[in-house]
Amino acid sequence: MNRHDDPEIGEAAAAWFAAQDADDMDWDGFTTWLEADPRHRAAIDALAAIDHAVARQRTAIGALLPHEPQAQAPEYGHRRAPNRWRWAMGAGGAIAAALAVALALPEAASDRSWTSDAGVRQVALSNGVSATLAPHSRLVARGGDVRELALNGSAFFDVAHDPARTLRITAGAIEVRDIGTRFEVTGADGDARVAVAEGQVSVGSAGLDRPVTLAAGRALVAHGDTVTLAPVDRGDVARWRQGQLVYDQAPLSLVASDVARYTGRPVTVDPRIADRRFSGVLTIGDGQRLAKDVASIAGVAVRSDHAGVRLEPSGR
Amino acid sequence: MTPNAETGLRALYIEHRAELKRFLVARTGNATEAQDLMQDVWLRIEAERSGPIANGRAYLFRVANNLVLDHVRERGRRAARERDWADVALDQRAGEADLADPGAEVAAMLSQNVTRLAAAIAALPPGAGRAFRLHKIDGLSHAEIAAQLGISRKGVEKHMAVAMAHLRRMLNDDNDAPAADGNWGDRRGRRHDQVTGDAS
């Protein structure tokens, strides 16, 4: 897509790409154009990759862009769609936003955040709303508003019923709305999990056409754009508070991000097994055995060096 | 359009199957993948329960196109994961890397991408940049942007095309693989300062 790149192709590709959501998109013309030259397809894919990178990190990008008065960013909570997914862009966005806060960039300066270290941390967000952060997790209140939360890591929320107040939490690629209940949210990169112990919450995700309501005893797992629902024992919700991690058909990549938090080291998963599902109960302890336990239950290999831990397909 | 969205879409799928397939083969460059995607389109419309859809044929193509984009994205994610791992391992071999705080390592990597993307967006021609920000950062639809900027929907589309073409030039990678997931291989943030005309 580089040296041999033809600017005409680049421009034509951009025109097709910009038109693809329009009602009058010429799909037959697009097909013919694609068939004319394999480079056309590559050019479209390159644009899709840029588009995705922007979408995924748009909160952080928005915070870095110079303020543009003409752009008139909508007032908070004013419109339905626009800032709905602002926080929903996964750990990339969340971590980068965290960095933006650390650098005291103007737009993010008024955010409030809470970070846990190796232990769990209790956070009283406001009257009737409290959160228990799992180790190495971070919660951000957008603009200091504790009803607008972004989570990277895992947390258990306890929200007293108050119809006048809706809490919104984004984590991974999902968004949770709640009026009053007790539930756990975990989000990292493309993965997210919500498990409800009491009451019910509403969960939206890019992989869902419309939000789903999740009642007590139900869990939702989002892995990339795939969303699965499953029952969960209410006693197992946020079991890390009792020193255990409980999984039922969880994506291995989500398990790995949990383990990374408890070990404080990167845990990566070979793409060949990242979509595998994992079920089992792990004892956290000091966290150092977790990766090995996961590997032995899942039947995968674990490789550890100074850079971190890697889960790989087993030799056989 | 038949009044029944479900049977209507299925009938349209059957009617336009050949063109859809041709589109998917052209779009993916892979007949097997196109066949899998045809099945995904069918599953998607079977699950569809919303009311009547205005332009069913265009809807089918959009569904197919979005499924392709999902595939491209997933491939990119995998490639990025692989590369991230390779980068970490490489840094380690280089010796001095301080991995006491692995979170900082990840954050640095991500922030670099974010910074680069933000810089590229900030460098867009004014009209295209404004439209791009409203659409991709603030989440406004083309129609909403048209209303806000006082231009036609086609004008917005043109702005978006100019913005995308510029971004691709500015973010162009030295590798041959499309830089998915914000991991642009070139760390120096090379960009072309020459900016061509703005569509307005």
Name the residues whose placed amide hydrogens come within less than 5 Å of the amide hydrogen of A:V232, ignoring near sequence neighbours (fewer than 5 apart) on the same chain.
A:R218, A:A219
All other residues with a Cβ under 10 Å from the Cβ of A:G153 taken together, and with Lys, Arg as +1 and Asp, Glu as -1, what is their net charge?
+1
Where the centre of each part is set by its Cα atoms, how far does the range B:112-145 sit from the range A:239-258, in angstrom?
37
Quick one: what are the phi-derived ³J(HN,Hα) couplings along the range A:19-35, Karplus 6.51/-1.76/1.60 with θ = phi - 60°, whole Hz, x for glycine and proline?
8, 5, 9, 6, 5, 9, 3, 8, 5, 5, x, 4, 4, 4, 4, 4, 5
Compute the separation of the alpha-carbon centres of the range A:132-211 and the range B:16-45 and state it in Å as a whole number.
36
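What net charge is computed for the residues neighbouring A:R193, neighbours being all others with C-beta under 11 Å from the C-beta of A:R193, Lys and Arg scored +1, Asp and Glu -1?
Numbers: positive: none; negative: A:E184, A:D191, A:D248, A:D258.
In short, -4.
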Can you run phi through the Karplus equation (6.51, -1.76, 1.60; θ = phi - 60°) for the range B:126-136 and list ³J(HN,Hα) in whole Hz, with x for Gly and Pro?
x, x, 5, x, 5, 4, 4, 5, 4, 7, 8
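Only the coordinates and a few stated rules stand behind these numbers; no lab work does. Since we're looking at a predicted model, the values are computed, not measured. Please note: Cβ atoms are built from the backbone with ideal geometry, for glycine as well, and neighbour counts cover all protein chains shown.
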